[in-house]
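The values are calculated or read from the model by the stated rules, or taken from the named source; none is laboratory data. Quick caveat, the model's predicted, so the values are computed rather than measured. Note: ideal-geometry Cβ built from the backbone for every residue, glycine included; neighbour counts use all protein chains shown. All accessible areas refer to the heavy atoms of the entire protein, side chains included, with ligands and DNA or RNA removed. Shrake-Rupley method; radii C 1.70, N 1.55, O 1.52, S 1.80 Å.
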Amino acid sequence: MSPDRTSTTLAPARSGTLAPGTIQAEHLWKRFRADSQRMLLRDNLGRIARKLSGRDQADWRWALRDIHIHVDPGEAVGLIGSNGSGKSTLLKMLTGVMYPYAGRLQVRGRVGALIEVRAGIHPDLTGRENAFLYGSLLGLKRAEVAKRFDDIVDFAELGTAIDRQVKWYSSGMQMRLGFAVAAFLEPDVLLVDEVLAVGDALFQQKCLDRMRVVLEQGTTLVLVSHDLASVESICTRGIWLEQGEIRTDGPIRQALRGYRDSVEEETEARTRTDEAIRTTYVDVRGVDTAGPTTNRSMVVEADFVGDFRGSATVHIGVTEGTASPVFTTRRDVRFGPSGTRVKCTLDRLPLPRGRYALWIGVYDGDGHPLTAWHPAKQFDVAGPELDTPPRAVVLAAPVYVDHTWEG
Ligand SMILES: Nc1ncnc2c1ncn2[C@@H]1O[C@H](COP(=O)(O)OP(=O)(O)OP(=O)(O)O)[C@@H](O)[C@H]1O
C-alpha cells in the first residue's frame, strides 16, 4: 500500500476543534532517501548528472506507513519498538521539526519537547537565555517564564552554571536543562525521546517523578524509550511500532508483552544453526506441582548435540522478556559424541506469577560461545502477584522473596 497524496494536508495543522493536549494523526506517511546518509562528492556529481538527464530514480525508504493515532488530553503514551522502527521520526513530526510526506497531523496546545539532548538548546546562549527563548517559542510571556525560572534551575541542578554558555555544559547538564525547561513551562503536550539515558540514575528517577506531576496536571505525555521498565512505570498506553507501522496500540502491558515476545522470537530465529553445539530439547516443569510455581521446586532439562568435544560451561537464565536475566546459573559439562543432557533443579523458584523465558548459552574455556545466548523456552509461573510498589519506584525487580511481617 502507498499513500494517496492528493487528499492530504502536508503541514501539521495546529488548529481545529480538538481540545488542547489532543494529538491526532491520520494516514501519516514519512519517507527518506535510502541513500541520504553519507555521500561522497563523486556520488553527488553522479546524482546531479542523472537528475539532469532525467534518469534519477531515487531509492526511498518508508520510515512511517499509514499511522493513525488519537491521543486524548492527559494520556501517557509510551512509544516502543526496535531500532529504526520510526519512533523518533514520529516524535519529530509531533514537535513540528519534521513534516509528513502525506497525512494529516494535529497537535493541539503548547508542545514541550525534549527530542535530542541538544535539540532546541542554543550553544552560544547561556542556560538562562535558553530558558527564556524556549518560553517565548512556547508563547509564554517573559514574566511567566520568570515565575518558573527558579524551579527550572533547582530541578536541573545547574546553580551558577545557568549563566554560563551552554556549549560548556556536559551532555548530562544539557539534558537536565532541556528536560527542566520542557517540563516546567507547563506544556499541554510533553514529548520526551530517550534522553533519560544520559542522566544518572538519581536524575532519571527525578525526571520520572516530574513526568508524573506533569501528568497529574493534565498534560499529555508521549515518551520514547528503550528502558521498558520506565515506560511501564509511567505510561498507561503503549504504541508498538515495527518497520514504520503500528503493531499494537493498547494498554501498556499488552503492547510491552507483544514487543518483548517479538524480540525473543527474533533472537531465536537469528540463532545460528552452524553452531558447535545445538540445543535439541528443553523442558521447564514443576517438581511436585502441575507447572512452575512460586517458591516451589522447578526443573530445567536440556539436551545438546554437536561436533564439540571437551568441557564447556552451560549457562541458563530466566528473563521477563528482554535479554537481561532476572537470574542465571551455570554448570561445567563434558561434551561427548553421544549427546549431552543437563538437569538443573531450582529449589524455591523466586519468581512471582507471570510469563518468563528460559535462556541458554554454552561457552568454551575462553568464553567463546558454542551455543549463543538465546531464548530457548517460554514458561508460565503460577503463584502470587508481585506486591505493588509505591508509585515513585520505577519498577520492582520481579523477584519473590519469602518473608514474615511482625508488629
Ligand atoms: N534524516 C534521515 N535521513 C534518512 N533516513 C532517516 C532519517 N531519519 C530517520 N531515518 C530512517 O528512518 C527510519 C526510522 O528511524 P527512527 O530514527 O525514527 O527510528 P527509531 O525507532 O527512533 O530508532 P532508534 O530506536 O534507533 O532511535 C530508519 O530506517 C532511519 O534510518
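A few comments on the model shown:
- Under-5 Å amide H pairs with G291, H placed in peptide plane, nonlocal only: G286
- Segments 73-86, 280-293 sorted - mean Cβ within 10 Å per residue, highest first: 73-86, 280-293
- Local net charge near L28, Cβ-Cβ under 9 Å (Lys/Arg +1, Asp/Glu -1): +1
- A cut-off of 5 Å between modelled amide H atoms, ignoring neighbours fewer than 5 places along the same chain, links G238 with G78, G250, I252, A255.
- Available extension along the chain between D347 and A382 is 11.1 nm, counting 0.36 nm per residue and deducting the alpha carbon span.
- Global geometry of the range 248-385, whether rounded, prolate or oblate, following the gyration tensor of its Cα atoms and the 1.5 cut on a/c: oblate
- Sulfur and carbon atoms: percent of accessible area, the range 66-261 [1.4 Å]: 49
- A 1.4 Å probe run over the protein chains yields, for the range 66-261, 41 Å² of accessible area per residue, whole-number rounding.
- Take E26: with every protein chain present and a 1.4 Å probe, its accessible area is about 60 Å².
- Take the Cα of T267, step 7 Å toward its Cβ, do the same at D59, and the gap between the two points is 3.1 nm.
- Kirkwood Rh in Å, taken over all unlike Cα pairs in the range 66-261: 17.0
- Environment charge of W62, counting only residues whose C-beta is closer than 12 Å and scoring Lys/Arg +1, Asp/Glu -1: +2
- Förster radius 22 Å - calculated FRET efficiency between A372 and R334, Cβ distance, rounded to 0.05: 0.60
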